[in-house]
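Before any comments, here is the structure.
Readers should treat all values here as calculations from the given coordinates under stated rules, not as data from a laboratory. As the structure is a computational prediction, the values presented were derived from the model and not from experiment. Cβ coordinates were reconstructed from backbone atoms using ideal geometry, including for glycine residues, and neighbour counts include every protein chain displayed.
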Amino acid sequence: MDLESDIVLVFHPIAVHFAVALSCFALVLDWVAYWQHRAEWQFAGRLCFFAGVLALGVTVGSGWVEQLLPRPASVFDAQIEGLLFYHEYGGYGVLGFFVILAVIRLRLAEPPPVSLLVCTTMGVLGVLVQGYIGGELVYRYGAGVRAVQVLSERHHEQKKAPAEQSAEASMSDK
């Protein structure tokens with residue numbers, strides 16, 4: 001791997017943390033502002049919401065770039081294929097949902113109605129599910145983890161070694 005791919009592999013997890021934190025914090029601020037009728041909390045919730053949507057865009061974009069990069073074969077490729085599919089397209093869906101919410105929120109006067117807060121709650125649940133799936137990919141299967149990729153390369157080399165040795169032995173017998 002080269003420096004650019006290493007930066008992308010490091011950048012996506014950083015962006016994910018901002019997206020999750022900002023969208024969750026915005027939701028908490030919005031609900032508190034709704035119940036307490038405080039304009040400053042509404043403003044803070046609105047600011048965090050739009051920053052969270054921006055962070056979601058950066059997260060999905062960096063994940064898209066990451067999946068375009070060549071990656072070495074892993075011993076877990078068969079197990080993670082389905083999860084990667086759901087994670088990728090789930091990310092596109094969550095981002096699209098939040099962009100729609102952002103457009104609606106831009107057109108509505110403050111405070112946001114309960115229906116928008118409920119939809120935002122559903123969107124944040126989607127973000128949390130995406131975070132869980134991404135965590136499973138990293139912590140259970142080692143997707144994007146350099147050490148797992150190096151160990152997988154060694155595993156493939158060791159699998160080839162006995163076959164190559166038997167081929168060499170048969171050639172020396174002749």
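Annotations
- Taking the Cα centre of the stretch 3-146 as origin and assigning +1 to Lys and Arg Cβ atoms and -1 to Asp and Glu Cβ atoms, the resulting dipole is close to 340 debye.
- Protection-proxy order for peptides 116-128, 95-107, each taking the mean of Cβ atoms within 10 Å per residue, highest first: 116-128, 95-107
- Global geometry of the stretch 3-146, whether rounded, prolate or oblate, following the gyration tensor of its Cα atoms and the 1.5 cut on a/c: prolate
- Fully extending the segment from THR121 to GLU81 would add 11.5 nm, taking 0.36 nm per residue of separation and subtracting the current Cα-Cα distance.
- Contour excess over end-to-end distance, with Cα ends at HIS17 and TRP35 and 0.36 nm allotted per residue: 3.8 nm
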